[in-house]
Amino acid sequence: MDQISPKLLIPQSFLVNRDDVTSQLGLMWELIKAPLLVPMLKLSVYICLGMALMLFMERVYMGIVIVLVKLFWKKPEERYKFAPIEDDEEHGSSNFPVVLVQIPMFNEKEVYKISIGAACGLSWPSDRLVIQVLDDSTDSAIKSMVEQECQRWASKGINITYQIRENRTGYKAGALKEGLKRSYVKHCEYVAIIDADFRPDPDFLRKSIPFLDHNPDIALVQARWRFVNADECLLTRMQEMSLDYHFTVEQEVGSATHAFFGFNGTAGIWRIAAINEAGGWKDRTTVEDMDLAVRASLRGWKFLYLGDLQVKSELPSTFKAFRFQQHRWSCGPANLFRKMVWEIITNKKVRFWKKVYVIYSFFFVRKIIAHMVTFFFYCVVLPLTILVPEVKVPIWGSVYIPSIITILNSVGTPRSIHLLFYWILFENVMSLHRTKATLIGLFETGRANEWVVTEKLGDVAKKVAEANKNKTNNKAIKRYRSKFTDRLNTLELGFSAFLFLCGCFDFMYGKNNYFIYLWLQTITFFITGIGYVGTII
């Protein structure tokens, strides 16, 4: 048999200009594009369009519901039994339930006085209030300062106890669980959880406890967070926009329609009996608050969100702290979904539509799809269609749907409407980090159970900013600043280069004018890549 020439196995066009490396690479690209890349990219587009439609319908649904809630729903005081608890002339304060206030801490040097002072200033009868400072600090100097602060308030007649553990097993969940084991807690009916940077107003308990006291089916009353440092820098403004939508729409809709939402971990009051019935605090994920909320809901307990009851808090002022927080908030829910989805499906105590809401709306769309579609569609698939012009993305998927979703997301913070375009770019960048964390949680790999406490700066950030304006070179500024290499984020820098090349290709050969968006997104990825997102210095 005659030997077959290798030339017969290679297209003739491939042999042209074989000495030209660029031409050869181009021909190889053409060879693999049609049979492999085009079908895969088309499938990716269809999947992303499907996810975008799911997110779009979810946002429209919540938009309609929140409008109906604001226009026609009765206020919480009218939907539930509510009557202020007053002192009784004959029995004094005995008609007030005993409330436990837990303040979990971990090396909170800058803010420990804030939360302790706010808790001690609550306008609740002192003989019906127990304040518990749960200090897991590893710094002996900080532990000493926190203990002294507790002793100072105790000397004023406040019933405050300082609790420490031998180890940090279970992190925050472990500390809260250990605190509920104390013998004096058995006399308490409710527990208010206040993180170290939160500062409730004096009437916080008086506005919330009556809902629990007069409605035995309510397990949780959640207050809204109000951010004292929202105007500190661009980073905090971006966070405010995202979180305001969560509190203004998501929490309100869940409370009004299904009496269920995710506990935010702080600024909330629990019925201790509900915590015990749900199985107590568990540390199997990094979102112990959401875990407890889902388990309590599956046992038939109702939750109430009070949007008018606001508690002051602090947003992360550094991009590093923000990234750690977002990893925990994205990885934890995905990991919890993995562990609880079958338990939710087989539960017989809640209605079918509540199961659908929890599985589809609460977990799948908001905690998984929202991150993935933002990253894969607008940061990966859409740029790749520029390199593969055979694949088209309909304008409704690339422009109309994301525009409507963005407008709906902006209703929570109308004062920042002028920052909306930059917020879109920033959220796209963060979707990379959140998608990575979500996949880690879903597959329970790597950093699935990593817990890094969000750094709180209290008034330090303001002092540093003022000192910087005065051009003073002090230790506070040196400590607040970090090394350039510590701020570098290589993954964001890599995507910045990828999007820049796609933008250049679209500018030279494309017809959709995506390069404008791609170059702006490139700049945002680059800024976050070098760690200079809204720094206050």
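Structure values in brief
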| quantity | calculated |
| --- | --- |
| Enumeration of residues in the range 488-528 that are among the small types (Gly, Ala, Ser) and either under 27 Å from the mean Cα position of the chain (by Cα) or open to solvent by 20 Å² or more (accessible area, probe 1.4 Å) (or both) | 494, 496, 497, 510 |
| Number of the exception - residue 248 against (1) buried (at least 23 other Cβ atoms within 10 Å of the Cβ); (2) at pLDDT below 95; (3) within 22 Å of residue 74 (Cβ to Cβ) | (1) |
| Selected residue (only one of 451, 423 is in contact with a helix residue (DSSP H, G or I) (Cβ under 7 Å, 6 or more places away or on another chain), at pLDDT below 75 and either surrounded by 20 or more Cβ atoms within 10 Å (Cβ to Cβ) or not in a helix (DSSP H, G or I) (or both)) | 451 |
| Failed condition for residue 271, given (1) more than 26 Å from residue 181 (Cα to Cα); (2) in contact with a Leu (Cβ under 6 Å, 6 or more places away or on another chain) | (1) |
| Any chance residue 231 is crowded, with 20+ Cβ neighbours inside 10 Å, closer than 14 Å to residue 312 by Cβ and under 20 Å from the mean Cα position of the chain (by Cα) | no |
| Output for the range 341-354, where each listed residue is buried (at least 18 other Cβ atoms within 10 Å of the Cβ) and at pLDDT 95 or above | 344 |
| Candidate set from the range 382-408 (those that are in a helix (DSSP H, G or I), of a type in the set (A, V, I, L, M, F, W, C) and under 17 Å from residue 372 (Cβ atoms)); member that is most open to solvent (accessible area, probe 1.4 Å) | 384 |
| Close pairs (8 angstrom Cβ cut-off, 6 or more residues apart or separate chains): in contact (Cβ under 8 Å) with a residue 12 or more places away in the chain in the range 330-352, acidic (Asp, Glu) anywhere | 331/450; 335/444; 336/291; 338/444; 340/291 |
| Matching option when the condition is modelled with pLDDT of 95 or more, in contact with a His (Cβ under 7 Å, 6 or more places away or on another chain) and under 27 Å from residue 183 (Cα atoms), among 146, 98, 133 | 98 |
| Residue in the range 133-140 that is part of a helix (DSSP H, G or I) and at negative phi present | yes |
| The lone exception for residue 260 - which of (1) closer than 24 Å to residue 176 by Cα; (2) surrounded by fewer than 21 Cβ atoms within 10 Å (Cβ to Cβ) it fails | (2) |
| Of all residues making up the range 109-136, the number that are open to solvent by less than 10 Å² (accessible area, probe 1.4 Å) and acidic (Asp, Glu) | 1 |
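The values are calculated or read from the model by the stated rules, or taken from the named source; none is laboratory data. Just so you know, these numbers come straight off a predicted model, no measurement behind them. Heads up, the Cβs are rebuilt from the backbone with ideal geometry, glycines too, and the neighbour counts pull from every protein chain shown. To get the accessible areas, we keep the full protein, side chains included, count just its heavy atoms, and leave off ligands, DNA and RNA. Shrake-Rupley method; radii C 1.70, N 1.55, O 1.52, S 1.80 Å.
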